[in-house]
Each structure stands twice: as structure tokens, then as C-alpha cells.
Amino acid sequence: QAPVLTSFQAVVEYCKSCMSHLKTEQLRLLFLDSRQQLIKDEVHQQGTVNEVNAHVREIVKRALELGAVNIILVHNHPSGKADPSRADIDFTNRVISGLETVDISLIDHIIIGKGEHSSLRKLGYIA
């Protein structure tokens, strides 16, 4: 049964419960339909203590397979700080570009730390 994610805060709380305790980085993808209802929550990649490698092509491919119209990226920082790195910002921009080619929107990229989080949309990196 899919979790009920009715607000930004609900998404953050759900992701904190899944990810804030992890010792390595993890990238989750929340696939949403046109009403922003959750289609699927997937762990896309497991990483190391300070990075996770993901390919835009695979994100686009999976979104198309699931019929998603919107996506939320979520990853954690095991260090505890939720500030986005330059690599996080660059990756977000590459994902936005890749998804735009197939009419899928990136709603947000949320970074989960220990007791804190960042939203790249709220920080102005996603229009």
C-alpha cells in the first residue's frame, strides 16, 4: 500500500523516516501522475558515504515505463547536513533537461540530512 503524500511536509517526513538513518547515500524517485498522486516510490541507486551515481537516461526510461508525468528526486546526506553540493545542483539541472524532452516535470529535489532537509525548488534551483 502506497503512503499518502498529501503535502510537501508529508513527503519530507516520509523520506526522513526512510532515509535519515542511512550510512550511505541513496537516491529515491517518487513517480507521480498528472494529479501528483504517487504511482511508485523506488530506490533508484545506492551509493557510498558521500556520493550516489545515477544516470538521467535511466530515470527518464523508468518514468516512461511507469507512465509518470511528474517526479520528485530525494537523496540523503549521511554527513547530516542537507545543503546541496554543486554536484547536486548540476545533476538536478541535467535531470530537468532530460525529463523536459519527454514532457515530464521535476517537481523537486529534496535532500535529507539528520533532522534537516533542503528543497532545491525552495532554494530557487528549480523553476
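Counting protein heavy atoms only, the chain has 49 percent of its accessible area on carbon and sulfur, 1.4 angstrom probe.
Compared with the direct C-alpha span, the chain from Val43 to Glu65 gains 6.4 nm at full extension, assuming 0.36 nm per residue. In this structure the chain gives 53 Å² per residue of accessible area when probed at 1.4 Å with all protein chains present.
How much length is gained if the chain between Glu100 and His55 is pulled fully straight, taking 0.36 nm per residue apart and subtracting their Cα-Cα distance, in nm to one decimal?
14.7 nm
Nearest-5 percent of antiparallel DSSP beta bridges in the chain? The antiparallel fraction comes to roughly 70 percent.
The structure-derived value of P(r) over Cα pairs in 5 Å bins from 0, in percent appears in the list [x] 2, 10, 17, 19, 17, 15, 12, 5, 2, 1, 0; [y] 2, 9, 17, 20, 19, 15, 9, 5, 3, 1, 0; [z] 2, 11, 24, 26, 22, 12, 3, 0 under the label [z]. By the gyration tensor of its Cα atoms, with a ≥ b ≥ c the square roots of the eigenvalues, what is the shape of the stretch 33-102: rounded for a/c under 1.5, prolate for a/b over b/c, or oblate? Because a/c hits 1.5 or more and a/b exceeds b/c, the stretch 33-102 counts as prolate. Note down the magnitude of the dipole of the chain about its Cα centre, charges +1 on Lys and Arg C-beta and -1 on Asp and Glu C-beta and zero elsewhere, to the nearest 20 debye. That gives a dipole near 140 debye. What the phi angles of the stretch 8-21 give under the Karplus curve with 6.51, -1.76 and 1.60, with θ = phi - 60°, is a coupling list of 4, 5, 5, 4, 4, 4, 4, 5, 4, 5, 7, 10, 5, 8 Hz, glycine and proline written as x. Peptides 89-96, 6-13 ordered by packing proxy, namely the average of other Cβ atoms within 10 Å per residue, highest first: 89-96, 6-13.
Straight-line reach from Lys114: which lysines fall under 17 Å, measuring Cα to Cα and dropping same-chain residues less than 8 apart? Cross-link targets: Lys16, Lys23, Lys81. Note on the chain: GNM, Cα springs under 10 Å; of Ser97, Ser79, Ser17, the largest mean-square fluctuation is that of Ser17. List, in order, the whole-Hz ³J(HN,Hα) value for each residue of the stretch 81-88 obtained from phi through the Karplus relation with A = 6.51, B = -1.76, C = 1.60 and θ = phi - 60°; use x for Gly and Pro. These are the phi-based 3J(HN,Hα) values: 7, 9, 5, x, 8, 4, 5, 4 Hz.
The values are calculated or read from the model by the stated rules, or taken from the named source; none is laboratory data. A quick note: this is a predicted structure, and the numbers were derived from the prediction, not measured. Don't worry about glycine lacking a Cβ; one is built from the backbone with ideal geometry, like all the others, and counts go over all protein chains shown. When the accessible area is computed, the model is the full protein with side chains, heavy atoms only, and any ligands, DNA or RNA have been set aside. Shrake-Rupley method; radii C 1.70, N 1.55, O 1.52, S 1.80 Å.
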